[in-house]
1. Leaving ligands, DNA and RNA out of it, work out the accessible area of Thr72 with a 1.4 Å probe and give it in Å² to the nearest 10.
2. Could I have the simple spin-label model distance between Lys222 and Val193, label points 7 Å from Cα toward Cβ, reported in nm to one decimal?
3. Beta carbons within 10 angstrom, averaged per residue: use that to sort the peptides 13-24, 203-214, 95-106, highest first.
4. On a C-alpha basis, how far is the centre of the range 1-63 from the centre of the range 86-115 in Å? Whole number, if you could?
5. What is the ratio of the Cα radius of gyration of the chain to 2.2 N^0.38 Å, with N the residue count, to two decimals?
6. Quote to one decimal, in nm, the extra length available between Glu213 and Leu13 on full extension: 0.36 nm per residue of separation minus the C-alpha distance between them.
7. In debye, nearest 20, what is the charge dipole magnitude of the chain about its Cα centre with +1 on Lys and Arg Cβ and -1 on Asp and Glu Cβ, if you could check?
8. So what is the calculated 222 nm ellipticity per residue for the chain, using -39500 (n - 2.57) for each DSSP H run with n of 4 or more, over all residues, to the nearest 500 deg cm²/dmol?
Amino acid sequence: MDIVFGAKTDVGLKREHNEDSLCADPKLGLFIVCDGMGGRNAGEIASGLAVEIIQKHMNDAHKANALPLIGTVNAKLSPETNRLASAVRLANQVVNGASQSKPGQSGMGTTVVCALINGPMLSVAHAGDSRIYLVRGESIHALTADHSLVAEQVRQGILTEEQAEKSAQKNIVTRALGVENTLQVDLDEIALVTGDVILLCSDGLTKGVKPAEILQVLRGEKEPQAACERLITMANAAGGEDNTTVIVIMVRKVGTGVWQQLMKRVTA
């Protein structure tokens, strides 16, 4: 498996603080974007703490396979995806506990989107409105569905996509890490192929940059860091109203023998 990646976070043009946090750990194959929320600097604390706990749990599990899992095991998913879910659930417990222990952090939370690459397997864990996209060939696919009020209204046919973009409620998330003592984590896993490009991003990017524009950048740039730089520039050119964080992962090569075995496993 041969991957290259780039990562960048930017405060934008309107915010005083950057409440986004990220992790890009190629040794673990772990990539995370979190977008914090809360009063004062609590959002920054929540996102930073979430990234720290998820990375530590995955690293501890890498060293000790018998490390207990947090939450229910999904027998339909791989051990790697279940481990990623465990890490997110643990982070939820820690952030929720921190929010209750200090008045200035009360109610803090964060979105979370995680990608774990283990050989040709991509595991995804998600809560909130940060996203993962997969570019394959000349198409871009969202691997996550936003947990937000307007996204729910679009799915129910109450709003159109255009109305949702203009809604005064577009920043209201319906699920976030740390807000409650338990968290429902959306999980998925897919088999990667040579040439795939994976994008993790906070909503600072998607508020102003359309998927078609993102696709053009990810297909046009040959190096992932250059793609990150361009996407941040485009988000700021669109207004830069929010913090923007992006991670771009390019799959240069997937071993065919292992890939065929995985395809049988995933599609069975």
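1. 110 Å²
2. My value for the distance between the label points is 2.3 nm.
3. Going by the mean number of other Cβ atoms within 10 Å, highest first, we get 203-214, 13-24, 95-106.
4. Result: 13 Å between the Cα centres.
5. That ratio works out to 0.97.
6. Gain on stretching Glu213 to Leu13: 70.0 nm.
7. With only Lys, Arg, Asp and Glu charged at Cβ, the dipole is about 580 debye.
8. -11500 deg cm²/dmol
The values are calculated or read from the model by the stated rules, or taken from the named source; none is laboratory data. The shown structure was predicted, so the numbers you read here are calculated from the model rather than taken from an experiment. Cβ coordinates were reconstructed from backbone atoms using ideal geometry, including for glycine residues, and neighbour counts include every protein chain displayed. These accessible areas exclude ligands, DNA and RNA; they are computed on the full protein's heavy atoms, side chains included. Shrake-Rupley method; radii C 1.70, N 1.55, O 1.52, S 1.80 Å.
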